[in-house]
Amino acid sequence: MLAGYSAANVYGYSSARVKAMEARLLDKTTMQSIINAKDVSSILAILFQSDYRKSISEFGGLQIKNEMVDFALSKNLAENVGKLVTITPTTQRKLTRALVGKWDLYNVRLALEAKDRKLSYAAIAPQIIDHGPYNSAFVKEVLREETVEGVLAKFMINSPYAAILQAALDTYRKTRNMPETLAKIDEMYYQALENVILALKNLHYESSMVLKMDIDMKNLLLLLRAKKYGTKFGDISDALIERGSLDRKALEQMYNGSGDVESFIAQVKNFDLKEALSVYRGSKSKHLIAFEIGMRNSIFNTALRLLKHSILSYGTIVAYIYLKEIEIFTLRILIKSKFYGLSKEELSRLLIWKAE
């Protein structure tokens, strides 16, 4: 009884807020209408009647240029997941900050690439997600620095990501290579995620398993791309992320024990990829996106169960992060479906969404 009362005190407010945010996710009927839409303009008209109206309006409304749609979606994502930090119980905000950090770090990456390529603020302004600690005004100020080192140092001031940015600064000073510097940011972010998994095992075990699925997906996608192009395991093993449910040895055995993409997928047991494999086999383009959709579907279903069964716990926050991210991913796939070579029928087979 006392434990329940304590949970209500700790998570009552955050759970209520997350529930309200979850209600604004696109429902099954809306998503099916988007799948059936004849063009991007029709998709935008549907989204304009939803929670995406504000973000689309800020990037040009219904006259938004196609290349700006992705940024409108990114801003909606960043704004929604960013809210989670403020509604998380104080003692756990560090965990939430680590989980949503990749969207805060997006603008850091953008600014670093701009400085390295000697681009002006105006050149990247349309791509900036104007939200969070590194918003448009902050990025504009940071880009007044004359060097990449100066930009990184400015970003580090009172930053919750100081350790990540320090590692990036050390890498840049050593290599003077921007791709390696950005890769270090990714590496450090996922290292922080490993620490979150360890913390969540005691706080809310089911949430830690969702994060493990995310890491497994990243590792499997990396290996799938490598397998498609005939890369040796040793050449990409350093890029694998630790703390997934599949350790490095298991991944190596799967990789070296398969001759092609299909035989590699046949060994994957922790995601249901039967439908994805069927679409891949029947596709002329042989694009790996079908497998990413399949893995994200599994994460979606797990997160949805978590949201419904983890009332008054940290699990509601973790679940919403993944549900929102997968919603954005799904919209991007639908908008860029011609690029991926997927037909409406294939998309309907692959994409899932929450019940109405």
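Taking the Cα-to-Cβ direction at Ala137 and at Lys249 and moving 7 Å from each Cα, how far apart do the two end points lie in nm?
For Ala137 paired with Lys249, the spin-label model returns 5.4 nm.
Taking the solvent-accessible surface of protein heavy atoms with a 1.4 Å probe, what is the per residue accessible area of the range 293-342 in Å²?
Result: 32 Å² per residue.
So, in Å, what gap is there between the alpha-carbon centers of the range 128-163 and the range 5-68?
Result: 29 Å between the Cα centres.
On a full-extension model of 0.36 nm per residue, what is the gain between Gln166 and Lys201, subtracting their alpha-carbon distance, rounded to one decimal in nm? If you can, show how the numbers build up before the last one.
Working: separation 35, 0.36 × 35 = 12.60 nm, distance 2.80 nm.
Net length gain for the segment: 9.8 nm.
Can you order the peptides 313-319, 178-184, 151-157 by their average number of other Cβ atoms within 10 Å per residue, highest first?
Going by the mean number of other Cβ atoms within 10 Å, highest first, we get 313-319, 151-157, 178-184.
For a 22 Å ceiling on Cα separation, which of these pairs sit above it: Lys227/Lys338; Lys94/Lys308; Lys115/Lys324; Lys184/Lys218; Lys286/Lys336?
Lys227/Lys338; Lys94/Lys308; Lys115/Lys324
If one puts a single equal scatterer on every Cα of the chain and applies the Debye formula without solvent, what log₁₀ I(q)/I(0) results at q = 0.06 Å⁻¹?
-0.23
Taking the chain as a Gaussian network, Cα atoms linked when under 10 Å apart, which of Gly82, Gly230, Gly12 shows the biggest mean-square fluctuation?
Highest fluctuation among the options: Gly230.
Carbon and sulfur: what percent of the chain's accessible surface (1.4 Å probe)? Don't jump to the answer; show the numbers that get you there.
Working: 8820 of 17010 Å².
The C+S portion of the solvent-accessible surface of the chain is 52 percent.
Largest first and to the nearest Å, give the Cα extent of the range 219-356 along each principal axis.
For the range 219-356, the Cα extents along the three principal axes come out at 45, 36, 21 Å.
Return one whole number: the accessible area per residue of the range 1-141 in Å², for a 1.4 Å probe. Intermediate results must be reported in sequence, preceding the final value.
Numbers: 6980 Å² over 141 residues.
Here the residues of the range 1-141 average 50 Å² of exposed surface.
Please give the length that would be gained between Gln63 and Leu119 if that part of the chain were fully extended, namely 0.36 nm times their separation in residues minus their C-alpha to C-alpha distance (nm, one decimal).
Stretched fully, the Gln63-Leu119 segment lengthens by 17.5 nm.
Mind checking which of Gly82, Gly101, Ala7 is farthest towards the positive end of the range 1-114's charge dipole, using Cβ charges of +1 (Lys, Arg) and -1 (Asp, Glu) about the Cα centre?
My answer, from the dipole projection, is Ala7.
Stretched out fully, how many nm does the piece from Asn36 to Ala7 gain, at 0.36 nm a residue minus the Cα gap?
In short, 6.1 nm is gained.
Using only Cα atoms, figure out Rg for the range 125-236 and give it as a multiple of 2.2 N^0.38 Å.
1.31
Rounded to the nearest 0.05, what FRET efficiency do Ser285 and Ala239 give with R0 = 25 Å and r taken as the Cβ-Cβ distance? Could you check?
For Ser285 and Ala239, the calculated efficiency is 0.50.
Express in Å², to the nearest 10, the accessible area of Lys19 obtained by rolling a 1.4 Å probe over the protein heavy atoms while all chains stay in place.
We get 120 Å² for Lys19.
By per-residue mean of other Cβ atoms within 10 Å, what is the highest-first order of 51-59, 293-301?
Descending mean neighbour count gives 293-301, 51-59.
From the protein chains alone at 1.4 Å, what is the descending order of accessible area for Arg281, Arg117, largest first?
Working: Arg281 135, Arg117 155 Å².
These residues rank, largest area first, as Arg117, Arg281.
What is the distance in Å between the Cα centroid of the range 92-122 and that of the range 312-356?
Measuring centre to centre over Cα atoms gives 24 Å.
On the first, second and third principal axes, largest extent first, how far apart are the outermost C-alpha atoms of the range 54-208 in Å?
The Cα atoms of the range 54-208 stretch 46, 45, 23 Å along their principal axes.
Once you wrap a convex hull around the alpha carbon atoms of the range 1-95, what is its projected area averaged over all directions, in nm²? Present the calculation step by step, with values, prior to reporting the outcome.
On the way: hull surface 31.3 nm².
With the hull built on Cα positions only, its mean projection is 7.8 nm².
The values are calculated or read from the model by the stated rules, or taken from the named source; none is laboratory data. Note that this is a predicted model, so its numbers are computed, not measured. All Cβ positions, glycine included, derive from the backbone under ideal geometry; neighbour counts span all protein chains shown. Only protein heavy atoms, including side chains, enter the accessible area calculation; ligands, DNA and RNA are left aside. Shrake-Rupley method; radii C 1.70, N 1.55, O 1.52, S 1.80 Å.
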